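J.: Just passing along the structure, written as structure tokens.
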Amino acid sequence: MGDKPKLKGAQDLTAQMETTMQEINKKFQAMSDQIVTRLEEMGTRINDLEKNVADLMQQAGMEEPEAATEIDPKRQ
């Protein structure tokens, strides 16, 4: 009879640990999803910014960004 309370206690502890781990996993997944969403939003904003800068450079009569990054042989 002495083993049954210990077994019940171990089962309760196991169940509690499983519940806790599931809760942690849900929170981690939610945070991970938020991070991915924010990174995607940042990527979109960066792309928009690059396009706007290229448009402004073109309006100002400057070189395109790709051409501006090429090495000018006269400057070496």
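The values are calculated or read from the model by the stated rules, or taken from the named source; none is laboratory data. Remember, predicted model here, so these are calculated numbers, not experimental data. Ligands, DNA and RNA are stripped out before the accessible areas are found, and what is left, the full protein with its side chains, is counted by its heavy atoms. Shrake-Rupley method; radii C 1.70, N 1.55, O 1.52, S 1.80 Å.
J.: State all residues of the stretch 1-35 that are aliphatic (A, V, I, L, M) and in a helix (DSSP H, G or I); if no residue qualifies, say none.
T.: Hits for the stretch 1-35 are LEU7, ALA10, LEU13, ALA15, MET17, MET21, ILE24, ALA30, MET31, ILE35.
J.: For the stretch 1-35: of the residues being basic (Lys, Arg) and modelled with pLDDT under 95, which is least open to solvent (accessible area, probe 1.4 Å)?
T.: Filtering first and then ranking leaves LYS8.
J.: Do the conditions hold for GLU70, that is, is it open to solvent by 100 Å² or more (accessible area, probe 1.4 Å) and either small (Gly, Ala, Ser) or at pLDDT 95 or above (or both)?
T.: Considered against the rule, which asks whether it is open to solvent by 100 Å² or more (accessible area, probe 1.4 Å) and either small (Gly, Ala, Ser) or at pLDDT 95 or above (or both), GLU70 comes out as no.
J.: Among the residues of the stretch 24-40, write down those that are of a type outside the set (A, V, I, L, M, F, W, C) and under 10 Å from the mean Cα position of the chain (by Cα).
T.: Matches in the stretch 24-40: SER32, ASP33, GLN34, THR37, ARG38, GLU40.
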